[in-house]
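Notes follow the structure.
Throughout, read-outs are computed from the coordinates displayed, never taken from laboratory work. Everything quoted here is computed from the prediction, not taken from an experiment.
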Amino acid sequence: MAGRGFGPTYVKRTVRMNSIRKGLLGGSRFWLAIFGLGYVARWSGKVTKRGEMPVKFSEALQPGEEIVIRHTDATRGRAE
């Protein structure tokens, strides 16, 4: 089996395919629960955006310079 390892990606894909085949299509409650847990795990990973966020702005400051970050209220100045 050259080129086919048992790394995390292979295991995840195998479990996902088994959960679809045996749980959704086959009717096994155990594999259906595994499918549900995997779906919730993938969804929560997308929602919480784990990992490092991309840098939106980067600028080197010289000695004595400063940067001020402000948040303005979105409703201020609107006619209600």
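Bin all alpha-carbon pair distances of the stretch 8-48 at 5 Å intervals from 0 and give each bin's fraction as a whole percent.
Taking all Cα pairs of the stretch 8-48, the binned fractions are 6, 28, 25, 23, 14, 4, 0 percent.
Determine which lysines satisfy two conditions relative to K46: a Cα distance under 22 Å, and not lying fewer than 8 residues away in the same chain.
Qualifying lysines at Cα under 22 Å: K12, K56.
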